[in-house]
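What follows is a single structure, written as structure tokens, with notes after it.
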There are 2 protein chains.
Amino acid sequence: MDAIEAIKTRRSVRVFQPKPIPKEILEDLIDCARLAPTARGVEPWEFIVVTDPDTRKWIAAKTYFGPFIADAAACVAVLCRETKYYLEDGCAATENILIAARAHGLGSCWVAGDKKPYAPEICQKLGAPPGYRLISLVALGYPAENPQKAKRPLSQVLHWERF
Amino acid sequence: MDAIEAIKTRRSVRVFQPKPIPKEILEDLIDCARLAPTARGVEPWEFIVVTDPDTRKWIAAKTYFGPFIADAAACVAVLCRETKYYLEDGCAATENILIAARAHGLGSCWVAGDKKPYAPEICQKLGAPPGYRLISLVALGYPAENPQKAKRPLSQVLHWERF
């Protein structure tokens, strides 16, 4: 899929078909994630791909806005070592996953993440060593809905030269 | 350009040709940015496209790692209202700009940004109202270098089911 099209047509998808994602595609998503920009060349990220239903259900029950993780084909937990720019790095990598997922015909939804009270518990459940932070939980699957959502128009958010 | 190719071949470019970017392309980059995911549907972002050479030189001189902004065709300042997830939202939008730039044959480099002592001064210079934070400064231009940079391999960053 064309890059601009993938970026512009990506929407948060929360309803998925009960169909697994081929391993090669999941690997490609993480390959895209690891090639994100990273401040100072630190690359503090680690990506945990969870397909196990019990673990997905456990995660889904912990989050406030991620119950659909239980029914997704996979959930990628993006973790970063706590560096100065861990959140920027982890978010750039997360966005790469979302766009790549769209290009592969997958739906996705970004679930927080950093600053959530449940974040440390999820890191622990997934076996992360101390010092890592949960940036995002990305639900992934073949879409069973096609959400349309208007956003603030270009004319409102684009400023030439000055705010 | 194919989405996966754009994501995987994007690299930080810091040397640019002295050639302006068509207005339609700059608009398309911001159109991609505004379609990024946003927590709770808040869309706290504003995008200031700076092409004016004097302003670019002023910004370049303020940053520690952005001197090349002076020689870029444009610099996009990504600002967000200070909401709970302003940094996540702003970083997702920034990453969309970088990938879209690559797809349009442009080079780009993400310059911080949030947490930098110079951030408030740049917001003020660009006329932002109080309550906005600088997420990133994106230098843009037709590339005059083709950097290759190895990153941590997939086998090191991808974990199945557990860390």
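The values are calculated or read from the model by the stated rules, or taken from the named source; none is laboratory data. Nothing here was measured: the structure is a model prediction, and the numbers come from that model. Backbone-built Cβ (ideal geometry, glycine too); neighbour counts: all protein chains shown. Heads up: the accessible areas ignore ligands, DNA and RNA and are worked out on the full protein's heavy atoms, side chains in. Shrake-Rupley method; radii C 1.70, N 1.55, O 1.52, S 1.80 Å.
Odds and ends about this structure:
- Elements of type helices (runs of 4 or more DSSP H) contained in the stretch A:1-62, each with 2 or more residues being more than 10 Å from chain B (Cβ to nearest Cβ): A:23-34, A:53-62
- Figure legend. Inter-residue proximity from the stretch B:148-163: first residues modelled with pLDDT under 95, second residues of a type in the set (D, E, K, R), beta-carbon distance below 8 Å, spacing 6+ or different chains. Indicated pairs: B:Q148/B:R11; B:K149/B:R11.
- Of the residues making up the stretch A:139-163, those that are open to solvent by less than 40 Å² (accessible area, probe 1.4 Å) and within 10 Å of another protein chain (Cβ to nearest Cβ) number 4.
- Every pair of residues 6+ apart whose Cβ atoms lie under 8 Å, when the first sits in the stretch A:15-31 and is at negative phi while the second is acidic (D, E) and surrounded by 17 or more Cβ atoms within 10 Å (Cβ to Cβ): A:V15/A:D71; A:F16/A:D71; A:P18/A:D71
- Scanning the stretch A:63-93 for residues that are farther than 24 Å from A:P143 by Cβ and not in a strand (DSSP E or B) gives A:E82, A:T83, A:K84, A:Y85, A:Y86, A:L87, A:E88, A:D89, A:G90.
- Assessment of the stretch B:111-125 against the conditions (touching a residue at least 40 places away in the same chain (Cβ under 8 Å) and under 10 Å from the mean Cα position of the chain (by Cα)) yields at least one matching residue.
- Taken over the stretch A:77-129, the residue count meeting the criterion of being more than 7 Å from chain B (Cβ to nearest Cβ), open to solvent by 20 Å² or more (accessible area, probe 1.4 Å) and within 20 Å of A:D54 (Cα to Cα) is 4.
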